[in-house]
Amino acid sequence: MHRMPILLPGTGTIGLARRISRLCGIRVGLMECGCYADGERYVEIADDVRNDDVFLLHALSHPVNDSIIELILASDASLRGLASSVTLVIPYMAYGRQDKHAHGARLPLSARCMASLLSRAGARCIVAMDLHSSQMHGFFDTPTQLLSMRHAFVEDLLSHGRQPSDAVVSPDAGGAARALHIARAAKLRLVVMDKRRLAAGAVELHGTPAGVDGLRCVVVDDIADSGNTLSEVSRSLLCQGAASVTAYVTHTVSSCAPRRVATRGGAEEVVTSDTISHEPHALGPSTRILSSAGIIARAIAMRPACQGQC
């Protein structure tokens, strides 16, 4: 006999879990996560999950590898507790940027390794928010539902009175599809820049963006880690005569990234989500947070396990 579904948050997602619960009515359970003296992680689920449909809400953010093993252990603990099913809800997916194999290099395809690991965690389904690239979807062996902040970004853009003469900017060709979706939905023009990554945290822009003089530019990206990419793009656009720059980014990995984009890049505002937990004051006064809770709540409520119960 099935009982009500339960949402079990991991380290760093308790606040997001509560926001999701308020929106879709799913109950939030308790799970203790800790570390032994030798560095090994442990988890213990406080709730009885027998016959429950368990949703594990875990952002695979810093400390990344601890977060990953915590999610794997939580899935196993749920199944050993005789849960009816387990669904992994992953607001931020680590290792997604390592999705290409350089020719001649002896490097792992880390995104594929991560997808394989999670696919073997015993979950019935994986729900993930804004993967770095669409090709990672094909790396999973478990049914995977992809969510996105794009519609929330479009609604926010339109609510702030964007004009058809404004432009949506992608830092590189890899993010062009993401930016094109937003540009079309908001009826704005699209600009694609040519960013080259020199090393971790170091980027270089080739060429200059044309036709941005006097435009209010909206830079769209999926991840802000060091903030260097958005800083360089913002600075380049302003140097070419852009009237202003606003950045929209789904996953803010480092809390210092928005400050860097504002101070070094000159962006007026950085709009991000709560897929990775940060204290609002740590992100800086020019940062605004759009919650992903509504998108995740709708996805959970639409799962068969929640029909008529959430």
- Query: From the list ALA74, ALA17, ALA59, ALA46, which residue is touching a Ser or Thr at 6+ places or on another chain (Cβ under 8 Å) and at pLDDT 95 or above?
  - Reply: ALA59
- Determine, yes or no, whether HIS132 is at pLDDT below 95, under 15 Å from the mean Cα position of the chain (by Cα) and within 24 Å of ILE300 (Cα to Cα). yes
- Note on the structure: Counted residues in the stretch 139-175 being outside any loop (DSSP other than H, G, I, E, B), over 20 Å from ARG189 (Cβ atoms) and touching a strand residue (DSSP E or B) at 6+ places or on another chain (Cβ under 9 Å) come to 5
- Has the stretch 11-21 got any residue that is of a type in the set (S, T, N, Q), assigned by TED's automatic domain parsing to the domain that holds VAL86 and closer than 21 Å to ILE295 by Cβ? yes
- Residue list for the stretch 222-258, restricted to those being buried (at least 24 other Cβ atoms within 10 Å of the Cβ), out of contact with any Cys (no Cβ under 8 Å at 6 or more places or on another chain) and of a type outside the set (Ser, Thr, Tyr): ALA224, LEU230, VAL233, ALA247, VAL249, HIS251, ALA257, PRO258
- Message: List pairs: first residue in the stretch 142-157 and under 9 Å from THR250 (Cβ atoms), second residue buried (at least 17 other Cβ atoms within 10 Å of the Cβ) anywhere in the structure, Cβ distance under 6 angstrom, at least six positions apart or on different chains.
- Response: SER148/ASP130; MET149/ASP130; MET149/THR250; MET149/SER273; ARG150/HIS181; ARG150/ILE182; PHE153/ILE182; PHE153/TYR248
- Task: For the stretch 244-301, enumerate the residues that are out of contact with any strand residue (DSSP E or B) (no Cβ under 8 Å at 6 or more places or on another chain), touching a residue at least 12 places away in the same chain (Cβ under 8 Å) and over 20 Å from ASN228 (Cα atoms).
- Result: SER277, GLU279, ALA293, GLY294, ALA297, ARG298, ALA301
- Task: Would you please list the contacts, defined by Cβ atoms under 7 Å and residues six or more apart or on different chains, that run from a residue in the stretch 99-110 that is modelled with pLDDT of 75 or more to a residue that is not in a loop (DSSP other than H, G, I, E, B)?
- Result: ASP99/ALA111; ASP99/GLN135; ASP99/MET136
- Taking the residues in the stretch 1-24 that are of a type outside the set (Lys, Arg) and assigned to a loop (DSSP other than H, G, I, E, B) as candidates, determine which candidate is farthest from the chain's Cα centre (by Cα). MET1
- Out of the residues in the stretch 55-114 that are of a type in the set (Val, Ile, Thr) and farther than 21 Å from TYR36 by Cβ, which is farthest from the chain's Cα centre (by Cα)? VAL86
- Tell me which residues, restricted to the stretch 1-10, are over 14 Å from ALA293 (Cα atoms) and in contact with a Leu (Cβ under 7 Å, 6 or more places away or on another chain). LEU8, GLY10
- Task: Looking only at the stretch 18-32, count how many residues are without any contact (Cβ under 8 Å) to a residue 24 or more places away in the chain and of a type in the set (Val, Ile, Thr).
- Result: 1
- Note on the structure: Per the list (1) part of a helix (DSSP H, G or I); (2) over 30 Å from SER84 (Cβ atoms); (3) modelled with pLDDT of 95 or more, residue check on ILE295 breaks on (2)
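The values are calculated or read from the model by the stated rules, or taken from the named source; none is laboratory data. Only a predicted model underlies this, so the values are computations on that prediction, with no experimental measurement involved. So basically every Cβ, Gly included, is an ideal-geometry build from the backbone, and we count neighbours across all protein chains shown.
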